[in-house]
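The values are calculated or read from the model by the stated rules, or taken from the named source; none is laboratory data. Just so we're clear, the structure is a prediction, and the values are computed from it rather than from any experiment. Here the Cβ positions follow ideal geometry from the backbone for every residue, glycine too, while neighbour counts run over all protein chains shown. Just so you know, the surface numbers come from the protein's heavy atoms only, side chains and all, with ligands and any DNA or RNA stripped out. Shrake-Rupley method; radii C 1.70, N 1.55, O 1.52, S 1.80 Å.
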Amino acid sequence: MGEAKTGTGASADGLVPAGSPMPEAGLETEVAKLLPFLEPGARADLQAKAVRHVLALTGSGPGRTLLAGQAALLRALVDLAAAPAPAPARDAAHALVNLAAEPGLHEPLLEAEPALLARLLGRALDPEWPWAEEAAAVLANLSREPAPCAALMAALATEEPGESGLERLVRALCTPDYNARAPLHYLGPVLSNLSQRPAARTFLLDPERCVVQRLLPLTQFADSSVRRGGVVGTLRNCCFEHRHHEWLLGPQVDILPFLLLPLAGPEDFSEEEMERLPVDLQYLPPDKQREPDADIRKMLIEAIMLLTATAPGRQQVRNQGAYLILRELHSWEPEPDVQVTCEKLIQVLIGDEPEPGMENLLEVQVPEDVERQLQQLDQQEQHTREQPEELAPEPQAEGATPT
């Protein structure tokens, strides 16, 4: 969820209009005056205007920095974000989305309200809460950093005694219309962030739970690149666990066709080549479109690359005709960095096998000097590929916004 916006307008209640410029000292005074209007029991119309004013402040770096030092105001904002109507919960949640988009503000937020993650989690997973998507977006921003991510894992572990919090999260993500009033696309990035933690991957890769199998269809989820990207990021992180590769590539999961299909176009292969492909990748329609998001395409390629870490994995990926899909993708791919990633995977598939003792590419120890040389070569290669584009005039940026 991008930075939330709010309109401006005249104020008849003593509050300065949300868009009005103000010196920093005056702004601090104005923010202090906002607190009584944000407290429970304040008049609903004044409370709504005060929240819109806070939301406007979160649209700029200085405004977010100023609010970070107002612990009481942040606590009131969290209370409003979780409060039922007529409280302005949606604008309050949007303000939290903007604040959480800046990693430097995570600590002040969590210090102001230590129960923030648990409260947001409860709202995000409440099938009746209309602003559950906003709550999920705040969690997605917070969980990008290691400390809040660990705290969220702890909150999930104690979320409900009868059912794992992670199970509830996966169920909400994978169940159509789990919340009829909120799409919950941002649970995808939340799960992706959590999957960076070993405990989350242990849960996701438990064969008894069938979690990965439930996530796989969402690699083709057309309605939201946010949900799609979150799921692909989750699957990629799971592929770091090479001990599970045989299970992931085997018939119980059969992950490879789900990773290759978004990368496939409408190419017409020969009969001999077609027979090498999994059934789901054969005779695709002439209007078949590749994944439109370059970042997601790159993550899909990286996931397949991880599955080739072991000799059996490389053989299985080769046997399912992955090279054919990647060959055509490489010819089509417009993004240089994605094309480089694709080239590296193709080289693994068509190259010679490593010498004995180095078959597992994830366990090979690369000397530090060699690693530095490889990094320098990668940087030089990237610079060479980007060189022609530097000749074009650069567009004028209007200012960055948090994501």
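A few notes on this one:
- The solvent-accessible area of ARG327, taken with every protein chain present and a 1.4 Å probe, is close to 70 Å².
- Options ALA154, VAL97, ALA132, ranked by Cα towards positive dipole end of region 95-156, top entry (Cβ charges): ALA154
- Carbon plus sulfur fraction of accessible area for region 195-250, probe 1.4 Å, in percent: 49 percent
- Additional length obtainable on full extension of the chain from TYR323 to ALA311, 0.36 nm per residue less Cα span: 2.7 nm
- PHE240 accessible area, 1.4 Å probe, all protein chains in place, Å² to nearest 10: 110 Å²
- Accessible surface of MET305, taken over heavy atoms with a 1.4 Å probe and every protein chain present, rounds to 50 Å².
- Each residue of region 321-334 is assigned a 3J(HN,Hα), and the resulting list reads x, 4, 4, 4, 5, 5, 4, 6, 4, 4, 5, 8, 4, x Hz, derived from the Karplus form 6.51 cos²θ - 1.76 cosθ + 1.60 (θ = phi - 60°), x at Gly and Pro.
- Unit charges on C-beta of K, R, D, E only; dipole of region 147-276, Debye: 740 debye
- Gained length - CYS210 relative to ALA157, 0.36 nm times residue gap less alpha-carbon distance: 17.2 nm
- Note that region 51-60 has calculated 3J(HN,Hα) couplings of 5, 4, 5, 4, 4, 4, 4, 6, x, 9 Hz, one per residue in order, obtained from phi through the Karplus relation 6.51 cos²θ - 1.76 cosθ + 1.60 (θ = phi - 60°); glycine and proline are x.
- Distant-in-sequence amide contacts of GLN282, defined by a placed amide H-H separation under 5 Å and a gap of 5 or more residues or a different chain, comprise nothing.
- Accessible surface, per residue, of region 202-317 when the full set of protein chains is kept, probe 1.4 Å, Å²: 44 Å²
- Here's the picture: charge each Lys and Arg Cβ at +1 and each Asp and Glu Cβ at -1 in region 52-118, and of LEU116, LEU73, THR58 the one pushed furthest to the positive end of that dipole is THR58.
- Computed extension gain for SER270 through ARG171, at 0.36 nm per residue and net of the alpha carbon distance, reaches 31.5 nm.
- Across region 191-198, computed HN-Hα scalar couplings (Karplus, 6.51 cos²θ - 1.76 cosθ + 1.60, θ = phi - 60°) run 5, 4, 5, 5, 5, 6, 9, x Hz from first to last residue, x flagging Gly and Pro.
- Protein-only accessible surface at a 1.4 angstrom probe places the residues THR234, THR202, THR175 in the order THR202, THR175, THR234, largest first.
- Region 121-274: relative contact order as a whole-number percent, Cα under 8 Å and 6+ apart: 20 percent
- Neighbourhood charge, 10 Å Cβ-Cβ cut-off, centred on THR341 and excluding it, Lys, Arg +1 and Asp, Glu -1: -2
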